[in-house]
Amino acid sequence: MAQRLDQQDGSSSDRSDELRLTLGEHLEELRVRLFRIVLVIAIGMVAGWWLVTPVYDHIFLMVKKSLPEGFKFSAAWSSLPEAFFFQLKMALTLGLVITIPLTVMQIWGFVKPGLRPHEQKPLQVVVPFSVALFALGGFLGYMILPITFRWFAEMSQGFKGAEVIQNPADIVLFSSKMILAFGIGFQLPLIVFFLTKLGIITPQAVTRYWRQASVGVFVATAVITPSGDIFSLTLMGVPLLILTFGSIAAARLTMKGRDSDAEVLNALD
């Protein structure tokens with residue numbers, strides 16, 4: 001009996017040692033992955049430093065072309081150090097954007113070994129869709145920037161004698177927020193798809209309360225969109241509405257397929 005207890009204590013000790021070893025290996029792997037991510041972002045920031053001026057020139061030219069004829073507009077820094085800090089922030093932002101694929105690869109490399117094959121498969125399908133939707137939303141946000149700038153300029157023209165003196169950093173920051181907001185907003189259909197697959201949202205309920213669901217989509221669009229103008233809300237809300245109901249329909253079809261497969265298996269049993 002004592003020998004058995006000793007054996008049990010020994011096996012318990014071995015398991016705890018193995019657990020500590022495994023935890024130590026995971027922490028070391030995490031440290032290595034984080035170091036690589038920081039290093040990649042730093043390199044991307046150096047590359048982004050040289051891209052700040054072309055990006056700013058492109059956005060500023062877009063603004064100038066979108067303004068009504070004769071509109072009084074100029075750009076001015078509010079302090080001497082502001083240009084340097086703007087260059088630094090933009091370099092970091094561009095570095096983060098440039099290195100997104102490499103960062104995702106490092107995160108996936110850390111997470112993948114801890115997932116079972118059936119857990120890896122959904123992520124391998126979802127990630128490309130998520131990236132594609134983000135790119136589609138970001139592209140749409142970029143395309144409507146001239147319309148947005150022109151709308152704001154026409155609003156400013158309503159006040160006679162007023163002249164717009166714009167901070168250059170604010171122009172780029174607003175454009176970045178608009179593109180990012182559209183990219184994030186276009187993740188909504190993917191979220192709705194998974195909520196439907198998990199049974200949290202049912203296609204029947206959405207079909208019954210489609211008016212309330214449509215209002216919810218446009219409310220979410222109004223919260224996400226930084227400009228708040230009617231053009232941005234419409235151009236973001238309508239595609240989101242179509243994609244959201246499309247994702248619910250896709251989830252419904254996959255659920256029907258799963259149910260029919262289950263019925264076949266039950267009949268065979």
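Just so it is clear, none of the values below were taken in a lab; they were calculated from the coordinates. Because the structure is a prediction, the values reported are computed rather than measured.
Quick notes on this one:
- Amide hydrogen proximity for Asn167: with H placed 1.01 Å from N in the peptide plane, the residues at 5 or more positions away or on another chain lying under 5 Å are Ala76.
- Phi to ³J(HN,Hα) by Karplus 6.51 cos²θ - 1.76 cosθ + 1.60 over the range 85-96, Hz, x for Gly, Pro: 5, 5, 4, 5, 5, 5, 4, 5, 4, 5, x, 5
- Among the listed pairs Lys65/Lys160; Lys89/Lys177; Lys89/Lys112; Lys65/Lys177; Lys65/Lys89, those beyond 23 Å (Cα-Cα): Lys89/Lys112; Lys65/Lys89
- The range 160-169 - phi-based ³J(HN,Hα) in whole Hz, Karplus 6.51/-1.76/1.60, Gly and Pro as x: 4, x, 7, 10, 8, 10, 9, 6, x, 4
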